[in-house]
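Okay, here's the structure, questions in a sec.
The values are calculated or read from the model by the stated rules, or taken from the named source; none is laboratory data. None of these values were measured; they are calculated from a predicted model. Neighbour counts are summed over all protein chains in view; Cβ atoms, including those assigned to glycine, are modelled from backbone coordinates with ideal geometry. Each accessible area value is taken on the protein alone, full model and side chains, heavy atoms only, with ligands, DNA and RNA left out. Shrake-Rupley method; radii C 1.70, N 1.55, O 1.52, S 1.80 Å.
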Amino acid sequence: MRTIHTSLAALVLVASLHAQNEGDVLFDVDQVITVEFTFAQPNYWDSLVANYTTETYMWAGLTITDQSGTYAFDSVGVRLKGNSSYSHPNDKKSMKVDINEYVSGQNYHGLKKLNLNNGFKDPTFLREKIFMDYSREMDVLAPRINFANVYMNGQLKGFFTVAEQVDDQFLDRWIGDDQGNLFSAGDNFGGGTGSEADLKYYGPDQADYYDRYELKTNEGANDWSDLLDLTEMIDDATDAYLVAQLPGRWDWERLCRSLALDNIFANLDSYINSSRNYYIYHNSTTGDWQWIKWDANEAFGQYSGGVSNVIQLAPTYGAANRPLIQRMMALPALQQDHHVQYCQALELLTNDQLDHKIDALKAIIQASVYADPNKMYTNAQFDQNIESNINLGGGGGGGISYGLKSFITQRRSYLEGVLDCSLYTSVTGPEWNGTLPTAYPNPAMDVLGFKSTETSSAWQVEVLDLAGRRVLEQQGLGTMDISGLVPGTYVVRTMAEGRSGQQLIVKQ
């Protein structure tokens, strides 16, 4: 471990850093930090492996050097973590570091925990970084990511990504509320275990959910009733009730956009396929549920989850027994909301937008990747996979690895061919300065009228039931006779010259 010389200038720097938000110094600048662990016992690795299944922390000294300086800690907790990533060869395992495990209040730039991820199945080491950065740019809750060279007792273990911990600090920093229940999806490693975090309802006994989720806050109260209530609605509610109530239970637009991003980037080791790698938080201030992303090293199609062609993954895709995404896609009003956010999330997925970011990150990490003695793939594979697909052969970590830039090109091309975003994006701008027609009254008895700033006969009006079947239609915005409809909830769709809007109405 390096000798640390503390100067007056360094103390002034540390004092100024305290005024910043937690983790900003680490994550606000793309950089490769140096992380050095010192273990007292010579067989420290055997102890780390032995502690893996119990998730027991082990003592270590820690020195971190970043762009602002060097920081030393005499006592921190370290443990190995990961599921499929634990099978990384060469004993290069992902790790969790608890900086205040042994010294209460100890922190690094305000952070209590850090995750060091080993880049399993990613020759580029960039998938998680690009995906999470893109998610946050789309105002989706996701951890910040950076990079580190990690040493153990003076020896370089390898090149890792550094991921922000999702905990009370994350909630306070990004949501402004940390008193609610935070649940993480269970590991469900290997699939088919019968313990998927699928958001299905399994009855009123919360013990039946313990293998599927983990409560990360309010563990003492251990009250899961809010999660059971949510899953019961998702799984068992009638179509009409779900359409009317589901959006109000969530931070809805963010949820739709978050699920859309998993689809766009073929991030299938997530809820929409494996039902892993996510958090949901029940905001105690707003009452909304909020979706938080986690673990995206297999984005850009690295995990197929049984999908034969991830480039041509349909925008409506949801694996079997995933009721949240399946029911959203089956109900036109909810699918419409999802597709509006899908089109917004898709906006920046272009080579013009992302290639320069990929190139800049490659320049930052290339020397460290080359120097990693324990990486899964070669330097040539790192370089090539940034640009194009490579065949990694059979076995764990094998198969086709989609190139970052080529994936963007091909995925964008496919989606533009199957999804007309002009039908789903909000109608604003110089081509349309008015508002979309609004059906009234709502609820209605026998007749609907339409409020609009124009009365163009070009407007086509359709009424759909909640199964998506068209039950009425007319040309123009005159009154519409709905007396023949049975009471219930319907979707009114208005369309004209590339503009489109949808509205739920109740027929009494």
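How large is the dipole of the range 89-205 about the Cα centre if only Lys and Arg carry +1 and Asp and Glu carry -1, each at its Cβ, rounded to the nearest 20 debye?
Rounded to the nearest 20 debye, it is 600 debye.
Taking amide hydrogens as modeled 1.01 Å from N in the peptide plane, which residues meet the under 5 Å criterion relative to LYS157, leaving out close sequence neighbours?
The answer is VAL150, TYR151, MET152.
At a 1.4 Å probe, what is the % contribution of carbon and sulfur to the accessible area of the range 221-294?
42
What pairs in LYS92/LYS200; LYS216/LYS293; LYS121/LYS293; LYS113/LYS216 have C-alpha atoms more than 24 Å from each other?
Check vs 24 Å cut-off fails for LYS92/LYS200.
Treating the angle as unsigned and between 0 and 90°, give the value, to the nearest 10°, between the Cα long axis of helix 332-346 and the longest Cα principal axis of the chain.
50
Further, regarding this structure: Charges on Cβ only, +1 for Lys and Arg, -1 for Asp and Glu, centred on the Cα centroid of the chain; of TYR342, VAL491, THR70, which one is farthest towards the dipole's positive end?
THR70
Related question: Taking 8 Å as the Cα distance limit and 6 or more residues as the minimum spacing, I'd like the relative contact order of the range 67-179 as a percentage.
Over the range 67-179, the number comes to 19 percent.
With a 10 Å radius around each residue's Cβ, average the other Cβ atoms per peptide and rank 356-362, 219-225, 376-382, 117-123, highest first.
117-123, 376-382, 356-362, 219-225
Magnitude of the Cβ-charge dipole of the chain, K/R +1 and D/E -1, about the Cα centre, nearest 20 debye?
So the dipole magnitude of the chain works out to roughly 980 debye.
Let me ask something else. If you average the sequence gap of Cα pairs under 8 Å that are 6 or more apart and divide by the length of the chain, what percent do you get for the contact order?
12
Considering the options LEU199, PHE39, CYS256, tell which one lies farthest towards the positive end of the dipole of the chain, charges being +1 on Lys and Arg and -1 on Asp and Glu at the Cβ, about the Cα centre.
The residue sitting farthest along the positive end of the dipole is PHE39.
Okay, next question. To the nearest 10 square angstrom, how much accessible area does ASP46 have with a 1.4 angstrom probe?
Approximately 100 Å² for this residue.
To continue, here is another question. Nearest 500 deg cm²/dmol is fine: what mean residue ellipticity at 222 nm does the chain get from its DSSP H runs of n ≥ 4 alone, each adding -39,500 (n - 2.57), divided by its residue count?
Per the formula, -8500 deg cm²/dmol.
Next question, about the same structure. Over the heavy atoms of ILE130, what accessible area does a 1.4 Å probe trace out, to the nearest 10 Å²?
Using a 1.4 Å probe on the heavy atoms, I get roughly 0 Å².
Modelling each spin label as a point 7 Å along the Cα-to-Cβ direction, I'd like the GLU55/ASP355 distance in nm, to one decimal.
4.3
In debye, nearest 20, what is the charge dipole magnitude of the range 22-123 about its Cα centre with +1 on Lys and Arg Cβ and -1 on Asp and Glu Cβ, if you could check? Show your work: numbers first, answer last.
Working: 8 positive and 13 negative charges, 78 e Å.
Roughly 380 debye for the range 22-123.
Based on Cα positions only, what radius of gyration and what Dmax would you give for the range 122-238, in angstroms?
17.9, 61
To test your reading of the geometry: what angle, between 0 and 90 degrees and rounded to tens, separates the Cα axis of helix 351-371 from the longest principal axis of the chain?
That helix lies at roughly 20 degrees to the long axis.
Same structure, new question: Considering only protein heavy atoms, what per residue accessible area in square angstrom results for the chain with a 1.4 angstrom probe?
41
Also: So if we plug the beta-carbon distance of ASN309 and MET445 into 1/(1 + (r/R0)^6) with R0 = 51 Å, what FRET efficiency do we get, rounded to 0.05? The partial results should precede the final answer.
Working: r = 49 Å, r/R0 = 0.96.
With R0 = 51 Å, the Cβ-Cβ based efficiency is 0.55.
Any cysteines in the chain with zero other Cys Cβ atoms under 4.7 Å from their Cβ? List them, or say none.
That list is CYS256.
Now a separate question. Along the range 271-284, what does the Karplus equation 6.51 cos²θ - 1.76 cosθ + 1.60 (θ = phi - 60°) give for ³J(HN,Hα), rounded to whole Hz, x for Gly and Pro?
So the J values, rounded to whole Hz, are 4, 5, 10, 7, 6, 10, 6, 7, 10, 10, 10, 9, 5, 6.
Please list 3J(HN,Hα) in residue order for the range 142-151, calculated via the Karplus relation 6.51 cos²θ - 1.76 cosθ + 1.60 where θ = phi - 60°; whole Hz, with x for glycine and proline.
Along the range 142-151, the couplings run 7, x, 7, 10, 9, 10, 8, 8, 10, 10 Hz.
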